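Notes follow once the structure below has been shown.
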Amino acid sequence: MDISARSYVKRPRLIVKKISSFLRRFTGVPTKSEKLKTFHEAKQERLSTCEALAFMRHDAHRIEKAFYNNIFDAKREFYEKRRENVFKAIQLALENGVSEHEPTLVWAREIASEFEKLPETFIKKNSISAREIDIASSDGLLKLMSTRRSSRVWSSEQPSNEELMKFALKMVEAGKWAPTSGDRQPVRFKILLDLEEKIVLKGLKEEHCYNAPCLIFIGTDRRFYGGLGNNEAAMHVDTGAAAMQMALLAHGANFGVCWNHFSTDLIQSRSSNVEVYRNFVKMHSIPDHIEPVALLAFGRAAFYPPAPARMNTSDYLL
């Protein structure tokens, strides 16, 4: 088969792929459209403010990291380009109405401005001295981790919605401090309190999930990825790190909490799931570029369930 013939055979597949991607936009199922790679490769005039800020953070992070890895001088030209990207992204964000006092913008601008003087004027100034290692102090955190349970039965007496919302925002605060690849800060949250906001999930999630006193949708902005290809696992790693910090915070406050699977594989496993998700994102105005990952349910538990047995620690070692 010659090249032109092979191209002809592949064309129907390409058409089907494009139609499938187009239809997913109307079903509420996340698409797998081309992701942005780097700032200088993107059509900058078409970037949203969120995308510009994500690129800004990512390139500022790369400049700072170059000094920790002792590669700045050897790759000076590369980091000069990253610096240029940061300044362009900042300008774009400011033109789009972002405050010059936005925290990550201030941080990135300082890194780009100091540049080759970064070790003395930024890193040294803002670093904290290393503490003495204290292994015993980790026992409390390990106990917190080992006593966490997945609560699926809720007490009939719950904090007020105002109290639940206040703590949900504290959980988001915990989630935002989780590490993210390349400092993209892509994780996004939606807090749901009213039953009508949650019951739309019926048929896709179990009753203990949509009947929870408070539900937090956790997803990630797919537009911020792409440097390693179109299926970066970091999307789920970043979001999982945030979800775990949030779950531990809730457990530390004696709330019952349950991490619920809510990724694309589950949503696309049945046509009825697709329909439920379509209604969910429509009701809550969740954009198409947000990749769903998890639902965190929390509230006052009726009880903490028994601990599932864990294997011996040695069995986890490869």
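Data for the structure
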{"quantity": "Test result for residue 77, among the acidic types (Asp, Glu) and either in a loop (DSSP other than H, G, I, E, B) or at pLDDT 95 or above (or both)", "calculated": "yes"}
{"quantity": "Selection count, segment 231-248, where residues are under 17 Å from residue 168 (Cα atoms) and buried (at least 21 other Cβ atoms within 10 Å of the Cβ)", "calculated": "5"}
{"quantity": "Residue 302 being touching a helix residue (DSSP H, G or I) at 6+ places or on another chain (Cβ under 8 Å), surrounded by 12 or more Cβ atoms within 10 Å (Cβ to Cβ), closer than 11 Å to residue 151 by Cα and in contact (Cβ under 8 Å) with a residue 40 or more places away in the chain", "calculated": "no"}
{"quantity": "Residue in segment 52-75 that is over 25 Å from residue 181 (Cβ atoms) and surrounded by 12 or more Cβ atoms within 10 Å (Cβ to Cβ) present", "calculated": "no"}
{"quantity": "Top-ranked residue of segment 210-230 - restricted to ones that are in contact with a Phe, Trp or Tyr (Cβ under 9 Å, 6 or more places away or on another chain), within 16 Å of residue 189 (Cβ to Cβ) and modelled with pLDDT of 95 or more, ranked as surrounded by the most Cβ atoms within 10 Å (Cβ to Cβ)", "calculated": "212"}
{"quantity": "Some residue of segment 242-258 being without any contact (Cβ under 8 Å) to a residue 24 or more places away in the chain and not acidic (Asp, Glu)", "calculated": "yes"}
{"quantity": "The listed residue being part of a helix (DSSP H, G or I), over 27 Å from residue 143 (Cβ atoms) and at pLDDT 95 or above, out of 266, 248", "calculated": "266"}
{"quantity": "Residues within segment 129-154 that are surrounded by 14 or more Cβ atoms within 10 Å (Cβ to Cβ), out of contact with any Gly (no Cβ under 7 Å at 6 or more places or on another chain) and among the small types (Gly, Ala, Ser), tallied", "calculated": "1"}
{"quantity": "Residues of segment 80-134 satisfying the condition of being of a type in the set (Val, Ile, Thr), closer than 14 Å to residue 59 by Cβ and touching a residue at least 40 places away in the same chain (Cβ under 8 Å)", "calculated": "104, 111"}
{"quantity": "Residue match in segment 178-194 (condition: part of a helix (DSSP H, G or I), under 30 Å from residue 273 (Cβ atoms) and in contact with a helix residue (DSSP H, G or I) (Cβ under 8 Å, 6 or more places away or on another chain))", "calculated": "yes"}
{"quantity": "The one condition in (1) touching a Pro at 6+ places or on another chain (Cβ under 6 Å); (2) part of a helix (DSSP H, G or I) that residue 109 fails to fulfil", "calculated": "(1)"}
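The values are calculated or read from the model by the stated rules, or taken from the named source; none is laboratory data. Because the structure is a prediction, the values reported are computed rather than measured. Heads up, the Cβs are rebuilt from the backbone with ideal geometry, glycines too, and the neighbour counts pull from every protein chain shown.
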